[in-house]
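Asker: Have a look at this one.
The values are calculated or read from the model by the stated rules, or taken from the named source; none is laboratory data. Keep in mind that this is a model prediction, so the values were computed, not measured. Neighbour counts are summed over all protein chains in view; Cβ atoms, including those assigned to glycine, are modelled from backbone coordinates with ideal geometry.
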Amino acid sequence: MGDRLLVVGSGRAGLALGYALWQGEALESLSYCGRQPEPPTHPLFMEGLARYFFGLERPGLGITAVLLAVPDGVLPEMAHMMAGQGDAPEGCVALHCSGTLSVEVLAPLRARGYYVGSLHPLQALAHPVTGAERLPGSWFAVSGEHEAITVARRLVARLDGTTLTVPIACRPLYHAAAVVASNYLPVLLALAARLLVLAGVDEDEAIPALLPLMRGTLDNIAELGLAPALTGPISRGDVETVRLHLGTLPDRESRVYRDLGREAVALAEARGLEGETVAVLRDLFETPVEAGA
């Protein structure tokens, strides 16, 4: 028998997670609470797979888990509002989806008899439908009371996922890692595309030209590991090419290139770049080079 899940919040994360769990046959029933009078356009509602409630709905008897999939800024208020609805159904757990906040934000629900915890998917959920396709096989950070963690791990297992246990004090570092790996990837692509345009490439062609390169790099990391997947001038100790880049880049792009270059030197050293070249590159990234030099 699957879990009976109530999701508070009908945004991308909540919809994607609920849809993935439904498709993974992890749920006996699925309901949503949302801020709009009508449910969002989504297969869960269009196909009658999930119920939708306008406003906050008190979990009914038999609900085994409540998932609070709301922004961090409103999570404390939502926990208080739900606590105001009354005591928890017997054995019910409450899980929030924040990557940063501890389970203490759910203290009002614990006082009402809920077992509290967190379940954060380490995945980029940019769309409420296609996001569900990315969740199976992903990693999830879980924490909280034993009963809550048991339910969270059961849900993750139905998605063929893997759980990460992150100490409460380290949750901000965990989430920062997720931000760097996911949110900053489009930022890097935007930077690279801007440089291509400066080099004379048509703006409409810049991103399509770079995407296969980025995909290839990610594939190399998966197949070979981080250091062996590093290619380019830093990996081979091509100091003059790096010097040429730094002498050509505009100031804004040069600052980012330098910061990333220092990290790349550390990877190149790990894969065997000889010490003298490492020292020259490090010095180069610390020493300003005038454009056109």
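Asker: Which is touching a helix residue (DSSP H, G or I) at 6+ places or on another chain (Cβ under 7 Å), farther than 18 Å from Ser118 by Cα and buried (at least 17 other Cβ atoms within 10 Å of the Cβ), of Leu56, Leu30, Leu49?
Answerer: On the way: Leu56 fails: buried (at least 17 other Cβ atoms within 10 Å of the Cβ); Leu49 fails: buried (at least 17 other Cβ atoms within 10 Å of the Cβ).
Exactly one of Leu56, Leu30, Leu49 is touching a helix residue (DSSP H, G or I) at 6+ places or on another chain (Cβ under 7 Å), farther than 18 Å from Ser118 by Cα and buried (at least 17 other Cβ atoms within 10 Å of the Cβ), namely Leu30.
Asker: Check every one of the helices (runs of 4 or more DSSP H) wholly within region 196-293 and list those with 2 or more residues that are more than 19 Å from Leu185 (Cβ to Cβ) and among the small types (Gly, Ala, Ser).
Answerer: On the way: elements: 203-224, 226-229, 239-248, 251-270, 275-286.
Where helices (runs of 4 or more DSSP H) fall fully within region 196-293 and carry at least 2 residues being more than 19 Å from Leu185 (Cβ to Cβ) and among the small types (Gly, Ala, Ser), they are 251-270, 275-286.
Asker: Determine whether Arg35 is among the charged types (D, E, K, R) and closer than 15 Å to Pro121 by Cβ. Walk me through it before giving the result.
Answerer: Working: among the charged types (D, E, K, R): yes; closer than 15 Å to Pro121 by Cβ: no.
When the stated conditions are applied, Arg35 does not pass them.
Asker: Just one of the numbered conditions (1) buried (at least 20 other Cβ atoms within 10 Å of the Cβ); (2) outside any loop (DSSP other than H, G, I, E, B) is not true of Ile63; which one?
Answerer: (2)
Asker: Further question: Here are some residues: Ile234, Ile207. Which one is under 23 Å from Gln123 (Cα atoms), in contact (Cβ under 8 Å) with a residue 12 or more places away in the chain and surrounded by 14 or more Cβ atoms within 10 Å (Cβ to Cβ)? Outline the logic, then answer.
Answerer: On the way: Ile234 fails: under 23 Å from Gln123 (Cα atoms).
Exactly one of Ile234, Ile207 is under 23 Å from Gln123 (Cα atoms), in contact (Cβ under 8 Å) with a residue 12 or more places away in the chain and surrounded by 14 or more Cβ atoms within 10 Å (Cβ to Cβ), namely Ile207.
Asker: If only one of Leu109, Leu155 is in a helix (DSSP H, G or I), assigned by TED's automatic domain parsing to the domain that holds Leu95, out of contact with any Gly (no Cβ under 9 Å at 6 or more places or on another chain) and under 28 Å from Ala94 (Cβ atoms), which one is it? Explain how you work it out, then say what you get.
Answerer: Values: Leu155 fails: out of contact with any Gly (no Cβ under 9 Å at 6 or more places or on another chain).
Unique residue meeting the criteria: Leu109.
Asker: Okay, moving on. Within region 25-51, which residues are touching a residue at least 40 places away in the same chain (Cβ under 8 Å) and closer than 27 Å to Asp160 by Cα? Let's see the steps before the verdict.
Answerer: First pass over region 25-51, keeping only residues touching a residue at least 40 places away in the same chain (Cβ under 8 Å): 25-26, 40, 42-43.
Within region 25-51, Glu25, Ala26, His42, Pro43 meet the criteria.
Asker: Can you tell me which condition Val187 does not meet? The list is (1) surrounded by fewer than 12 Cβ atoms within 10 Å (Cβ to Cβ); (2) closer than 20 Å to Thr100 by Cα, and all the others hold.
Answerer: (2)
Asker: In this structure, is Thr162 under 29 Å from Gly18 (Cα atoms), touching a Phe, Trp or Tyr at 6+ places or on another chain (Cβ under 8 Å), in the same structural domain as Glu104 (by TED's automatic domain parsing) and at pLDDT 95 or above?
Answerer: Numbers: under 29 Å from Gly18 (Cα atoms): yes; touching a Phe, Trp or Tyr at 6+ places or on another chain (Cβ under 8 Å): yes; in the same structural domain as Glu104 (by TED's automatic domain parsing): yes; at pLDDT 95 or above: yes.
Against the criterion (under 29 Å from Gly18 (Cα atoms), touching a Phe, Trp or Tyr at 6+ places or on another chain (Cβ under 8 Å), in the same structural domain as Glu104 (by TED's automatic domain parsing) and at pLDDT 95 or above), Thr162 qualifies.
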